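Down below is the structure, laid out as structure tokens.
The values are calculated or read from the model by the stated rules, or taken from the named source; none is laboratory data. This is a predicted model, so every value here is computed, not measured. All Cβ positions, even for glycine, are placed from backbone atoms using ideal geometry, and neighbour counts span all protein chains on display. Calculation scope for accessible area: heavy atoms of the full protein, side chains included, ligands and nucleic acids excluded. Shrake-Rupley method; radii C 1.70, N 1.55, O 1.52, S 1.80 Å.
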Amino acid sequence: MPFGYGQRLRQASGLARSLFIYWRPGRQRGLKQLYRPFIVPGKPAFDIGAHLGDRSAAFYALGARVIALEPQPVLALWFKRIVKTPSVTLLPVAAGSTEGVAEIAISSANPTLSTLASEWREQIGQHNAGFSQVRWEQRLSVPVITLDRLITDYGEPSFIKIDVEGFEAEVLAGLSYPVAALSVEFVTGALKVSHECIDRLSHLGDYRYNVVVGEQRHFRWKEWQTPEATRQWLNEGADALPSGDLYACRSDHPHLLNTP
């Protein structure tokens, strides 16, 4: 359905807000510091839910061959305007447990909020105040591929960032290899998704976990935690944090071995 004037205005306002948040001065420096231990120059890095490309730009600056997924046409257009290097491959697709086609719901006022998780979308506003005013006015049918397919096509990544509003566990269900390191978004009110992500990763390999709060660029915990300790933290309410990213690092990763 074509956008009306009001939706276009909300979309423009939301994009402006997101551009400020994700591309404000100094942010890239912090992102490169955060991701430097995980990016291996010359190896792929996957940016799943690339949005406006801030993480992709940091991965590229650290020497990765970046494969970015962003199924929203408007965000993909802005991604190309901002991240201009041809060395970053942008795919207009989503990731999931199986290949096919799925419906993505998009918030016009918050265009960086989009999800394939219908149950999560219907319930998150009741359990997280930050989502109480979010409306998902737009729907698009988008192609879906799996992480396994990306690995087949582009090689094993040194890092995968997954930020897909409640669909993280479905994305990990499409992965059958214990990659070195990755991150998944967590949101208070939907921590079941985080538990499912840990369950899937524990099935794949032996991982340790850490947390970055919101859009900060440093780890919350001095020491990386076991799956059991991380599950307990989630069960206790995740310190009442509204959102953030849960980082998983394979237990034999050089970053863990070199951390005092």
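Determine the alpha carbon to alpha carbon distance for each of Lys32/Lys192; Lys80/Lys192; Lys32/Lys80; Lys84/Lys222 and list only those over 32 Å. The pairs that break the limit, which is 32 Å between Cα atoms, are Lys80/Lys192; Lys84/Lys222. In this calculation the C-beta distance from Arg29 to Lys84 is compared with R0 = 30 Å, giving a FRET efficiency of 0.95. The fraction of accessible area contributed by carbon and sulfur in the chain is 53 percent, rounded to a whole number (1.4 Å probe; ligands and nucleic acids excluded). Which shape class applies to the range 35-95: rounded if a/c is under 1.5, otherwise prolate when a/b exceeds b/c and oblate if not, where a ≥ b ≥ c are the square roots of the Cα gyration tensor eigenvalues? Prolate, since a/c reaches 1.5 and a/b exceeds b/c. At Asp206 and Gln126, where each label point lies 7 Å from the Cα along Cα→Cβ, what is the point-to-point distance in nanometres? Between Asp206 and Gln126, the simple spin-label model gives 4.2 nm.
How long is the gain from Arg220 to Phe20 if the chain were fully straight, where each residue apart is worth 0.36 nm and the alpha carbon distance is subtracted?
69.6 nm
Taken over the range 1-112, the alpha-carbon convex hull comes to 113 cubic angstrom per residue. What percentage of all Cα-Cα pairs in the range 48-163 are separated by more than 18 Å? It works out to 53 percent of all Cα pairs. Using a 10 Å Cβ count of at most 12 others and DSSP loop calls, identify the longest part of the chain lacking such GluC sites (Glu not before Pro). With GluC sites (Glu not before Pro) excluded where exposed in loops, the chain gives 1-222 as its longest stretch. Debye calculation, C-alpha points only, no solvent: report log10 I(q)/I(0) for the range 100-222 at q = 0.09, 0.12 Å⁻¹, in the same order as the q values. At q = 0.09, 0.12 Å⁻¹ the computed log10 ratios are -0.27, -0.49.
Kirkwood hydrodynamic radius computed over the range 179-221 comes to 11.5 Å, based on all pairs of distinct alpha carbons.
Rounded to whole Å, the principal axis extents of the Cα atoms in the range 208-250 read 24, 22, 14, largest first. With all protein chains kept in place, the per residue accessible area of the range 79-208 amounts to 42 square angstrom at a probe of 1.4 angstrom. Rounded to 0.05, the FRET efficiency of the Glu156 and Leu257 pair, given R0 = 22 Å and the Cβ-Cβ distance, is 0.70.
Test of understanding: what is the full-extension gain from Glu137 to Glu228, defined as 0.36 nm times their sequence separation minus their Cα-Cα distance? List each step's numbers first, then the result.
On the way: separation 91, 0.36 × 91 = 32.76 nm, distance 3.87 nm.
Gain on stretching Glu137 to Glu228: 28.9 nm.
Using Cα-only point scatterers and the Debye equation, what is log10 of I(q)/I(0) for the chain at each q in 0.10 Å⁻¹, rounded to two decimals? These q points yield log10 I(q)/I(0) values of -0.46. For the range 153-260, the average shadow cast by the Cα convex hull is 6.7 nm², which is a quarter of the hull's surface. Among residues other than Asp47 with Cβ under 11 Å from its Cβ, the summed charge is -1 (Lys and Arg +1, Asp and Glu -1).
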